[in-house]
Amino acid sequence: MTSAEAVFIVQPAVVCTVSTFVVVGGDAAGMSAASKAKRDDPDLDVVVFEKGEWVSYGACGLPYYIKGEIQSLDDLVSVTPEEFREERDVDLRTGHEVVDVDPESRVVTAQSDDGELRQEYDHLLVATGAEAVTPSIEGMDREGVYTLGSMSDGRDLREYVGRARSDEDLQQPDRGPACQFLETCNGPVGIVGGGYIGVEMAEAIAANGFEVHLFQRGDRILKEFSEATSEAVLDHLRDEDVAVYLGEEVEGLAGGDRVEAVVTGDGRVPVEMVLVGTGVRPRTDLAEDAGIELGETGAIATDAYRETNVPDVYAAGDCAEAEHVVTGEPAHVPLALTANRHGRAVGKTVAGEPTEGGRVAGTAAVKAFEMEAARTGVLDHERAREAGFEPMTETIDAKSRAGYYPEGGTVRVTLTVDRPSGRVLGGSLASEYGEGAVHRSHALVGAVTEGVAVDELSNYDLAYAPPFNTTWDPVLTAAKVADGKR
Ligand SMILES: Cc1cc2nc3c(=O)[nH]c(=O)nc-3n(C[C@H](O)[C@H](O)[C@H](O)COP(=O)(O)OP(=O)(O)OC[C@H]3O[C@@H](n4cnc5c(N)ncnc54)[C@H](O)[C@@H]3O)c2cc1C
């Protein structure tokens, strides 16, 4: 054999390709995905870009931090950046804003104080969340006008109401921005918007010694809840000396450099500070620029696995849509559990186990001073009709505990039911704080999610003991009453 004829036996090369999972946004959805992906596939490179300084924080706790019940913003953080980096091996880059996604070349571009950085990805999650809506009313840019969407908003608001509250500060000649222009610190405060943030903040601000004026342009507060729940919470807010103005569209926030009054069609209410809580909108600019499709709700459209129209690009949390359990239609429900659940599902999928994050029922809870309320499913008749149902609504008031038990109060339960089939479409509850409206809502979530009929709900084998409820829990009574009225 000549050398030219030599046969070379080539051993197949062992090709080791490490996949990279890039996450944009370092809160509930983003960090759930990053942690889960890394835990399930330790060989995966996981890179998270977060434009702010905080990650994995609980914005839901901000009203209670502002109120003064939670002492430090750090207490709202569930996992610190150091823990993510050192214990979970996630390459977390805070202070990095992703400004471009190029799905063709699978590259994201991030900007930080150190300049621009390009990062390749195999899988990408957009978890950019939602931002507080700033309505186009005159005076939004005046000093003393706040929104509450981020940790830094929370810090500013706490600084304001905390300083105003402190007796020590009241003695100081320079009492800080809250008080410089006032004779006393406890001036009136305006809240624009009667959704859950407006209601929670009414409690937080009033607890700091301010007179609270809450403006709602519609005819009721908490409009996602049932009318009966809204009414119960409204009565309670008024009992707590919150001045609630219903049907009053705020036309402007008047003043000089600083806000001095809320202006409505009916007049002016002097205030020293205003919190605007008129809802949130999904943060979708980055996705849209990358050619990622939005759905009808304005949030990012995804399939059941949270994958967008662009292959290997996912979207989860407040920036994305999810399928509603009752209507089967895409819905935008910007709440914390959905963000955590869907983020975690994306993490599992990327790590090799395709996982659906599950549908949403729009379940929400709120505390208002000494009341609690919860809602789930579809309560609005128009929306139910659009989904092909024939809705009817029944409300009952029942005792929260056995009549002979020394404590207790009233639980108000509203059920919305499809008249022909009896299917439970939605529920809403209110009670005194600690009397179980929120915990009782969990039974309704089960019924709404499983498409259970109201007669079946009335036979649910719920737990009973005198300190917790009556033999027929208020939820069961409501189901019996609604069934009887069909
Ligand atoms: C005051 C308040 C009270 C709330 N109370 C409740 C409650 O009681 N119950 C409940 O269920 N929900 C509540 N929520 C809503 C809940 O906080 C959100 O549903 C949840 O935080 C959504 O998580 P997310 O990860 O989708 O988005 P976010 O928490 O908004 O996080 C998105 C992150 O992405 C970052 N980001 C955005 N764009 C970029 C970019 N281009 N580059 C890098 N980073 C970027 C942002 O800085 C942010 O940190 C409340 C929210 C607020 C503000």
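The values are calculated or read from the model by the stated rules, or taken from the named source; none is laboratory data. None of the values given here were measured: they were computed from a predicted structure. Please note: Cβ atoms are built from the backbone with ideal geometry, for glycine as well, and neighbour counts cover all protein chains shown. Areas reflect the complete protein model, heavy atoms only, side chains present, ligands, DNA and RNA absent. Shrake-Rupley method; radii C 1.70, N 1.55, O 1.52, S 1.80 Å.
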The range 212-264 - percent relative contact order, Cα under 8 Å, separation 6 or more = 39 percent
Relative contact order (%) - criterion: Cα under 8 Å, at least six apart; region: the chain = 13 percent
Protection proxy (average C-beta count within 10 Å per residue), highest first, orders 216-228, 253-265, 370-382, 110-122 as 370-382, 216-228, 253-265, 110-122
Just how much of LEU337 is accessible, in Å², when a 1.4 Å probe is used and the result is rounded to the nearest 10?
-> 120 Å²
So for the pair GLU138, GLU329, with labels modelled 7 Å out along Cα→Cβ, what separation do we get in nm?
-> 3.7 nm
If R0 = 30 Å, then GLU407 and ASP241, at their Cβ-Cβ distance, give a FRET efficiency to the nearest 0.05 of 0.75
Take the alpha carbon gyration tensor of the chain, find the square roots of its eigenvalues, order them as a ≥ b ≥ c, and report rounded if a/c is under 1.5; if not, report prolate when a/b exceeds b/c, else oblate.
-> oblate
In Å², what does the accessible area per residue of the chain work out to with a 1.4 Å probe?
-> 47 Å²
Got a number for carbon plus sulfur as a percent of the range 346-416's accessible area, 1.4 Å probe?
-> 43 percent
Rounded to the nearest 10, the angle in degrees between the Cα long axis of helix 474-484 and the longest principal axis of the Cα atoms of the chain comes to 80 degrees
Specify the inter-centroid distance of the range 422-471 and the range 289-356, based on alpha-carbon positions, in whole Å.
-> 29 Å
Tell me the label-point distance for the pair TYR433, CYS60, using the 7 Å Cα-to-Cβ offset, in nm and rounded to one decimal.
-> 1.7 nm
Using Cα pairs closer than 8 Å and at least 6 residues apart in sequence, work out the relative contact order for the range 51-123, in percent.
-> 24 percent
Run the dipole for the range 219-357 about the Cα centre, Lys and Arg Cβ at +1, Asp and Glu Cβ at -1, nothing else charged, and hand back the magnitude in debye, nearest 20.
-> 440 debye
If packing is taken as the mean number of other Cβ atoms within 10 Å per residue, what is the order of 452-458, 26-32, highest first?
-> 26-32, 452-458
Quick one: order ARG93, ARG106 from most to least accessible surface, probe 1.4 Å.
-> ARG106, ARG93
Along the range 83-95, what does the Karplus equation 6.51 cos²θ - 1.76 cosθ + 1.60 (θ = phi - 60°) give for ³J(HN,Hα), rounded to whole Hz, x for Gly and Pro?
-> 4, 4, 6, 7, 8, 9, 6, 9, 7, 9, 10, 6, x
Rounded accessible area of THR449 (nearest 10 Å², 1.4 Å probe) = 40 Å²
Carbon and sulfur %, accessible surface of the range 24-89 computed with the full protein complex present, 1.4 Å | 43 percent
